[in-house]
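Asks: I have a structure I would like to understand better, so I am pasting it below and will then ask my questions one at a time.
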Amino acid sequence: FELLIDKYDSVENPNFYLPNNISQEEINKWAEKYCDLKDAKLKHLEKISKWSLHHEVKLDSTVKLKAKKAHEDMIEEVFKDNKGIGWGVGVILKNGLSNNFEFDESNKTKMVVIFNKDWLDDNQDYPTILNNFIHFFELFNSKLQFSMIESPYEQGNLTDLFRTKSKYYYKQSYTADLGINFHKLTFLSYYEYLDSKKIDLEKVFSYYYNNLLDEDYGFSEFFFNPSSKGNTYYERCKILIPEMDSLLKQFDFLQRYGKIDLELFELESQNTSYRDIKSLENKKFIYINSSETIKMCSLFFNSQSLLSFPEHKKNKNSFYEYLISGIKIEDFYPYQKDMLKLLIEQEILGISDENNLFIVNRKLIELYWLLWDKGYVSILSVPEDMKKIIESEIFKGNLKTESTLFSEQESDYISFVMDNKKFSNGLFIRNKITHGSFANKQECEYKNYYLELLLVLLLYTVRINEELDYFEEE
């Protein structure tokens with residue numbers, strides 16, 4: 001049965017064949033028996049419990065539930081003694097800091113960041129609250145790449161070898177999880193802080209769409225109806241989801257027709273998928289387009305690259321970080337020096353008067369670092385000198401462009417949170433809440449879902465604002 005699971009749910013596409021006369025009923029019986037085995041493997045139980053609707057072989061919901069319970073029981077047995085090494089993240093809001101944030105160096109078991117509460121206390125107008133997510137808490141970087149997205153290229157570390165991989169799983173590495181959980185904790189901290197100041201974050205978003213877009217851009221047709229703070233979190237989720245869908249439909253109307261015709265809006269019942277909504281710019285997101293470019297980027301940025309482990313220098317994550325901090329060709333092993341000499345011959349690297357290696361075209365490598373880190377870059381959010389480099393790389397065939405509201409990676413993130421259209425390990429919040437299949441849970445679980453929805457709403461808002469900024473400039 002494990003062979004069958006690996007055949008239909010392996011990212012490596014194993015080259016072996018199974019008889020084609022095995023019925024779905026037989027497979028489900030085998031799956032049920034497998035869940036009863038004492039030596040069933042954790043990874044196979046997890047795969048069964050999250051079996052995708054996209055698989056050629058279909059597993060019954062009762063079988064998936066049995067696998068889920070067997071997996072949970074096995075996990076509980078493995079960790080019943082609570083042995084192991086813990087590592088976590090923490091966020092503190094504190095007055096009296098000289099900078100926006102500081103790291104708590106005293107804590108050895110957590111990555112703790114202390115944020116300057118003075119700034120938050122002094123700046124509570126709605127536009128600044130929204131800007132704080134970008135410029136203060138850095139949920140988006142300076143190029144408006146979303147911090148909840150992890151690299152599609154990075155291989156991860158040794159611990160990721162033990163993580164269950166599936167053909168239809170959303171990629172989640174242990175290393176990226178730490179950073180993503182930190183950003184989620186930051187978002188929760190700010191949400192709780194605003195709540196303590198009697199500020200409802202959903203009303204901040206409402207102000208942006210109902211007031212600020214008219215004041216700043218003259219788009220009075222946008223609308224957003226927030227849920228009431230008096231509602232339960234379950235009720236707030238049920239109200240928020242269609243409002244979020246409506247926002248995407250409103251922008252889609254603006255993109256297609258140049259305005260939001262409210263009468264036509266009411267007549268057109270079908271929403272455009274978030275993946276298919278077009279940008280106002282005919283070239284917006286750029287992606288790496290060649291395998292050779294990916295190989296070059298891997299040498300520079302991959303934490304497991306052959307150049308990431310020099311002989312005489314330590315404590316950096318990649319060859320790129322060593323180049324930025326300063327490193328000589330003599331610091332590398334002999335086999336690595338041959339690779340470096342080739343990069344020098346190709347005029348990608350140079351050697352300074354102090355014998356340090358340096359990047360010849362720093363802006364080009366910075367661009368590829370952005371693409372390696374998140375998989376995409378928005379042309380609307382980069383400076384003019386980088387746009388010229390992008391055009392040159394597109395001409396060479398190293399990059400490609402697409403014109404959509406969201407990048408491919410952002411659409412994957414939205415799908416992971418909202419539905420089961422692509423991934424079998426997602427949160428499926430829209431499906432669960434709107435279909436009523438998640439209607440009997442603890443309030444804290446609904447709150448977690450509500451915060452996930454607000455993070456997606458933040459992504460919607462940043463991307464729509466970026467587009468309208470471009471529209472205004474044109």
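Asks: Between residue 10 and residue 53, what is 0.36 nm times their sequence separation minus the Cα-Cα distance? Round to one decimal in nm.
Replies: In short, 14.0 nm is gained.
Asks: Take the Cα of residue 294, step 7 Å along the line toward its Cβ, and report every residue of the stretch 1-44 whose backbone nitrogen sits under 20 Å from that point.
Replies: Zone members listed by number: 10-15.
Asks: In nanometres, what is the gap between the two model label sites at residue 99 and residue 28, each 7 Å from Cα along Cα-to-Cβ?
Replies: The answer from the label model is 5.9 nm.
Asks: How much length, in nm to one decimal, is gained on full extension between residue 117 and residue 388, taken as 0.36 nm per residue of separation minus their Cα-Cα distance?
Replies: Full extension from residue 117 to residue 388 adds 93.5 nm.
Asks: How do 65, 185, 323 stack up against each other in accessible area, from largest to smallest, with a 1.4 angstrom probe?
Replies: Descending accessible area places them as 65, 185, 323.
Asks: Something else about it: Suppose all protein chains stay in the model; what accessible area per residue would a 1.4 Å probe give for the stretch 137-265, in Å²?
Replies: That works out to 45 Å² for each residue.
Asks: For the stretch 2-86, taking Cα atoms only, what is the radius of gyration to one decimal and the Dmax to the nearest whole Å?
Replies: Considering the stretch 2-86 through its Cα atoms, Rg and Dmax are 14.3, 48 Å.
Asks: Which whole-number percent is the relative contact order of the chain (Cα, under 8 Å, 6+ apart)?
Replies: 15
Asks: What length, rounded to one decimal in nm, is gained on full extension from residue 214 through to residue 361, with 0.36 nm per residue of separation minus their alpha-carbon distance?
Replies: Gain on stretching residue 214 to residue 361: 48.7 nm.
Asks: Using the alpha-carbon centroid of each, what span in Å lies between the stretch 43-102 and the stretch 129-196?
Replies: Cα centroid of the stretch 43-102 versus Cα centroid of the stretch 129-196: 16 Å apart.
Asks: Here's another thing I want to ask about it. Expressed as a whole number of Å, what is the distance separating the alpha-carbon centroids of the stretch 217-245 and the stretch 440-474?
Replies: Centre-to-centre distance over Cα atoms comes out at 11 Å.
Asks: Give me P(r) over the chain, computed from all C-alpha to C-alpha distances, binned every 20 Å, as integer percentages.
Replies: Reading the bins upward from 0: 19, 51, 29, 1.
Asks: When averaged across all projection directions, what area in nm² does the alpha-carbon convex hull of the stretch 398-449 cover?
Replies: For the Cα atoms of the stretch 398-449, the hull's average projected area reads 5.1 nm².
Asks: Filter the cross-link list 283/316; 94/238; 249/422 down to pairs whose alpha-carbon distance in this structure exceeds 26 Å.
Replies: Table pairs above 26 Å Cα-Cα are 283/316; 94/238.
Asks: Label point 7 Å out from residue 440 along Cα-to-Cβ: which residues of the stretch 210-250 have amide N under 18 Å?
Replies: So the set is 234-235.
Asks: Here's another thing I want to ask about it. Only residues of the stretch 10-25 count here: report those whose backbone N is under 13 Å from the spot 7 Å along Cα→Cβ of residue 165, or say none.
Replies: Within reach of a label on residue 165, which here means backbone N under 13 Å from a point 7 Å along Cα→Cβ, the stretch 10-25 contributes 10-14.
Asks: Same structure again: Under a straight-distance cross-link criterion of Cα-Cα below 13 Å, which aspartates and glutamates are reachable from residue 337, leaving out those fewer than 8 residues away in the same chain?
Replies: 311, 345
Asks: Ignoring ligands, DNA and RNA, what percent of the accessible area of the stretch 116-231 is carbon or sulfur (1.4 Å)?
Replies: Looking at the stretch 116-231 in its full context, I get 50 percent from C and S.
Asks: Next up: May I ask you to give the percent of accessible area on the stretch 38-79 that is carbon plus sulfur, with a probe radius of 1.4 Å?
Replies: 56
Asks: Nearest-5 percent of antiparallel DSSP beta bridges in the chain?
Replies: Counting DSSP beta bridges with both partners in the chain, the antiparallel share is about 70 percent.
Asks: Also: Given H placed on each backbone N at 1.01 Å, which residues far from residue 308 in sequence or on other chains put an amide H within less than 5 Å of it?
Replies: Counting only residues 5 or more places away or on other chains, the set is 319.
Asks: Continuing with the same structure: Along the principal axes of its C-alpha atoms, what lengths does the stretch 207-279 span, in descending order and rounded to whole Å?
Replies: Answer, in whole Å and largest first: 37, 29, 23 Å.
Asks: Between residue 325 and residue 287, what is the FRET efficiency for a Förster distance of 25 Å, r being their Cβ-Cβ separation, to the nearest 0.05?
Replies: 0.30
Asks: Then there's this: Roll a 1.4 Å probe over the protein chains and send me the accessible area per residue for the stretch 63-107 in Å².
Replies: 77
Asks: What is the spread of the Cα atoms of the stretch 132-254 along each of their three principal axes, largest first, in whole Å?
Replies: 51, 36, 30
Asks: Could I ask something else about it? Based only on Cα atoms, what Rg/Rh ratio does the stretch 152-219 have, Rh being taken as Kirkwood's radius?
Replies: 1.23
Asks: First measure r as the distance between the Cβ atoms of residue 342 and residue 315, then evaluate 1/(1 + (r/R0)^6) with R0 = 30 Å and state the FRET efficiency to the nearest 0.05.
Replies: Taking R0 as 30 Å, the efficiency between residue 342 and residue 315 is 0.70.
Asks: Computing the accessible area with a 1.4 Å probe over protein heavy atoms, can you report the carbon and sulfur percentage for the stretch 252-322?
Replies: Ligands and nucleic acids excluded, carbon and sulfur give 47 percent.
Asks: Output the Kirkwood hydrodynamic radius of the stretch 184-320, Cα pairs only, in Å rounded to one decimal.
Replies: The answer is 19.5 Å.
Asks: Take the Cα radius of gyration of the stretch 306-461 and divide it by 2.2 N^0.38 Å, with N its residue count; two decimals is plenty.
Replies: The value comes to 1.49.
The values are calculated or read from the model by the stated rules, or taken from the named source; none is laboratory data. Since this is a predicted model, take the numbers as computed values, not measurements. Counting neighbours? That spans all protein chains shown, and the Cβs are built from the backbone with ideal geometry, glycine included. Each accessible area value is taken on the protein alone, full model and side chains, heavy atoms only, with ligands, DNA and RNA left out. Shrake-Rupley method; radii C 1.70, N 1.55, O 1.52, S 1.80 Å.
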